Amino acid sequence: MDMMYSEADLAFQDEVRRFFKENLPKTVREIVRKTPSYVSKGDMVAWHKALYEKGWIAPAWPVEYGGTGWTSTQKHIFSEEYGAYDAPRLSAFGITMVGPVIYTFGNQAQKDQYLPKILNGEELWCQGYSEPGAGSDLASLQTRAVLDGDEYVVNGQKIWTSQAHKADRIFCLVRTDPDVKKQEGISFLLIDMKTKGLTVKPIISIDGGHYLNEVFFDDVRVPVANRIGEENKGWTYAKFLLGHERTGIAGVSKSKQKVKKLKEIAAIERSEGGAMIDDYAFKSRISKVEVSLSALEITNLRMMASLAGGGNPGPESSTLKISGTQIEQELNELLIEAMGYYALPYGASQVRPDANEPPVGAEHGVGLMSERLLRRAASIYGGSNEIQRNVIAKGVLGL
Ligand SMILES: Cc1cc2nc3c(=O)[nH]c(=O)nc-3n(C[C@H](O)[C@H](O)[C@H](O)COP(=O)(O)OP(=O)(O)OC[C@H]3O[C@@H](n4cnc5c(N)ncnc54)[C@H](O)[C@@H]3O)c2cc1C
């Protein structure tokens, strides 16, 4: 791959490496290496701010709104180094999701109010789309917003709201007209999490962690000024956002990190007669997933090049979501298999950054089961993979 890089690209690669080396504390890298989903809010925000101060927080945004203006190759180099240095995953809800909606469809006052705090990490966002009766069939959502003077009064419930307990704001789909075709009566609101009547209840997931929540709206008053674009046109903005969400979900550099870790562990762990890495059947499964990952990487690069040329991620981004999550889940399975029985004694408390008990079995097994259990949901969140196949059938293949 290096052979493709120009001298300027190689100089850029050096600069990125230097920056990561000088600005990413070893302790944080260690937490990410062991338990990528358990980085604390403080460590995540500190890393966000470091990238912001360097001007590197939003490579995909247009330069006028704070983007880097990098070429596709530079973006690729940055993402490669990001994975190689075990840098914390940042919250995608602001930079990847609602930011592009605001700069594309928001008015000047909204851009001025929200974009700077998304960029500098001062405000974290969460996504209020799904409801108990509206997941795959999102347009059936029932959370109601009724106009009262210059405010909407919002009542209803969202569910599976990732990181709502850490967020400052939520972007929400609400029903503003119940009497029209369901897609035509939805609006897109930006809501302060501290607003009276809004409550957050935790959902503890199968790995024992707290990422998910229910969010309840009980006569929550939201200024009309917080509505993106036109009333009842929210479905258009919602779909635009989902395209961006699914592109981010490909997770190429994250999966590359996992391949590296898998090979390290498989070189240590034993199967009958030798190291796991020398077991023919196991090795061929690693190779197969690596080949799929290379194909995903190329597809992702093609998509990035098209975005750089002014395109928007359309239904094609669904292919990235499907392949990316399948690869991630296969890698998690292989990591568990490489550890054998020692992957099983799993205590949720072990994967907390502040855990102080010695692990059962080798240290490199810590966090693997938690990651496998948590990411089992990767083929569900962001729109389930079955739904993505429907999107491809209609939007790409024209069936
Ligand atoms: C870990 C996690 C984090 C999440 N984070 C968020 C978040 O931050 N914000 C948010 O708004 N939502 C979030 N979600 C919700 C997520 O988007 C939904 O779970 C998802 O869209 C599926 O909806 P559902 O759970 O209602 O399942 P259902 O829609 O009830 O689907 C159940 C099953 O039926 C299948 N199915 C449904 N319809 C069809 C069809 N037409 N054709 C073929 N198969 C079909 C689905 O693929 C699935 O396997 C999260 C979910 C999880 C698990």
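Observations
- Residue match in region 246-253 (condition: basic (K, R) and open to solvent by 60 Å² or more (accessible area, probe 1.4 Å)): no
- Counted as qualifying within region 119-214 are the strands (runs of 3 or more DSSP E) with 1 or more residues that are in contact with a helix residue (DSSP H, G or I) (Cβ under 6 Å, 6 or more places away or on another chain) and within 15 Å of the ligand (Cβ to nearest atom), namely 125-128, 169-175, 186-192, 198-204.
- Among the candidates P132, P116, P100, P62, residue that is assigned by TED's automatic domain parsing to the domain that holds V224 and not hydroxyl-bearing (S, T, Y): P132
- Complete set of residues in region 302-325 that are over 18 Å from the mean Cα position of the chain (by Cα) and either assigned to a helix (DSSP H, G or I) or under 18 Å from K254 (Cα atoms) (or both): R302, A305, S306, L307, A308
- Members of region 124-173 found to be of a type in the set (V, I, T) and under 30 Å from I57 (Cα atoms), listed by number: I159, T161, I170
- The single condition among (1) open to solvent by less than 30 Å² (accessible area, probe 1.4 Å); (2) not in a helix (DSSP H, G or I) that A60 does not satisfy is (1).
- Residue that is nearest to the chain's Cα centre (by Cα) [pool: residues in region 205-225 that are small (G, A, S) and open to solvent by 20 Å² or more (accessible area, probe 1.4 Å)]: S205
- Any hit, region 250-272, residues being out of contact with any helix residue (DSSP H, G or I) (no Cβ under 8 Å at 6 or more places or on another chain), aliphatic (A, V, I, L, M) and part of a helix (DSSP H, G or I): no
Matching residues to (1) surrounded by 22 or more Cβ atoms within 10 Å (Cβ to Cβ); (2) touching a residue at least 12 places away in the same chain (Cβ under 8 Å):
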site	(1), (2)
T68	no, yes
A92	no, yes
N120	no, yes
C126	yes, yes
S136	no, yes
G149	no, no
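- Selection count where residues are open to solvent by 50 Å² or more (accessible area, probe 1.4 Å) and of a type in the set (S, T, Y), scope region 226-239: 1
- Any hit, region 103-114, residues being assigned to a loop (DSSP other than H, G, I, E, B), within 16 Å of the ligand (Cβ to nearest atom) and within 30 Å of P59 (Cα to Cα): no
- Test for E81: is it touching a residue at least 60 places away in the same chain (Cβ under 8 Å), among the acidic types (D, E) and more than 19 Å from G367 (Cβ to Cβ): yes
- Any pair with Cβ under 7 angstrom, 6 or more apart, that starts in region 259-277 at a residue that is among the acidic types (D, E) and ends at one that is part of a helix (DSSP H, G or I): E269/M276; E269/A338; E269/M339; E269/G340
- Given (1) in a helix (DSSP H, G or I); (2) free of Cβ contacts under 8 Å to residues at least 40 places away in the same chain; (3) in contact with a helix residue (DSSP H, G or I) (Cβ under 6 Å, 6 or more places away or on another chain), number of the condition G42 does not satisfy: (3)
The values are calculated or read from the model by the stated rules, or taken from the named source; none is laboratory data. Note that the coordinates shown come from a computational prediction; the quantities given were computed from them, not determined experimentally. With ideal geometry, Cβ positions are generated from the backbone for all residues, glycine too; neighbour counts draw on all protein chains shown. Just the protein is used for accessible areas: all its heavy atoms, side chains included, with ligands, DNA and RNA removed. Shrake-Rupley method; radii C 1.70, N 1.55, O 1.52, S 1.80 Å.
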